[in-house]
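In what follows, a structure is listed as structure tokens, so that the remarks can point back to it.
The values are calculated or read from the model by the stated rules, or taken from the named source; none is laboratory data. Keep in mind it's a predicted model, so treat the numbers as computed, not measured. Heads up, the Cβs are rebuilt from the backbone with ideal geometry, glycines too, and the neighbour counts pull from every protein chain shown.
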Amino acid sequence: MDYTTVFDLSTQGWRTWPFFLPGVFISAVVWMFLRYHQAMRGGRAPSIPVDGRLAGSDSMLREPGLGYSGTRIFLWFIFAFVIFWTVFAFGKTLNSYLTLKSALADGKATVVTGVVVDYQPQRDQMRGTPPEHFCVEYKCFDLRSMDVRTGFNETRLDGSPIREGLLVRLAYVGDTIVKLEIAKQQPPAGTSAK
């Protein structure tokens, strides 16, 4: 039987890389605040009017609140946290992608062929709603729209072709679909085919 490949992790590339981009942006913004804060303390800050005062003036540093040391410690804490999160997210998503791609290339992915049964589409993208669910032969899968997942995770809301009674061939590692193929010749409704 001939199949059309709908998803193949080896040709899709690393699709989860945008997940850590907010961390890169936030760390850059916090770094600019740290540099500005340091320049302001040294009297090198630009003269920007703020509430009728100059931003670089000493009166700004004597305002009640955290003070210079407290603000600097707070900014360094935020900066360190964001850098840690970004490096962790980068490493986790890249490692997941490389591990799954390697398993697919080495033939270590489990392949199952059959008709999609027990299909329950995800009805909403909101967190807390039940995931899209379907089974092929003995293996069941749960997919959520908007999940950061390396493998196939499209739901009907995202335009997924999965539906009840569809003849498919899936390659998966754990609970992650790494390759999805749909049979060109579909069985008549209500029948089982391999």
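Filter the range 150-173 down to the residues that are over 16 Å from GLY114 (Cα atoms) and modelled with pLDDT of 90 or more and list them by number. Outline the logic, then answer.
Taking the range 150-173 as the starting set, the residues that turn out to be over 16 Å from GLY114 (Cα atoms) are 150-160, 173.
Result: VAL173, single match.
Filter the range 113-149 down to residues that are of a type in the set (Asp, Glu) and at pLDDT 75 or above and give me whichever is surrounded by the most Cβ atoms within 10 Å (Cβ to Cβ). Walk me through how you get there before you give the answer.
Residues of the range 113-149 that are of a type in the set (Asp, Glu), as a first pass: 118, 124, 132, 137, 142, 147.
Pick out the ones that are also at pLDDT 75 or above and you get 118, 132, 137, 142.
Details: ASP118: 10, GLU132: 23, GLU137: 13, ASP142: 14.
Checking each candidate, the answer is GLU132.
Which one is modelled with the lowest pLDDT among residues in the range 71-107 that are within 17 Å of the chain's Cα centre (by Cα) and small (Gly, Ala, Ser)?
That would be ALA89.
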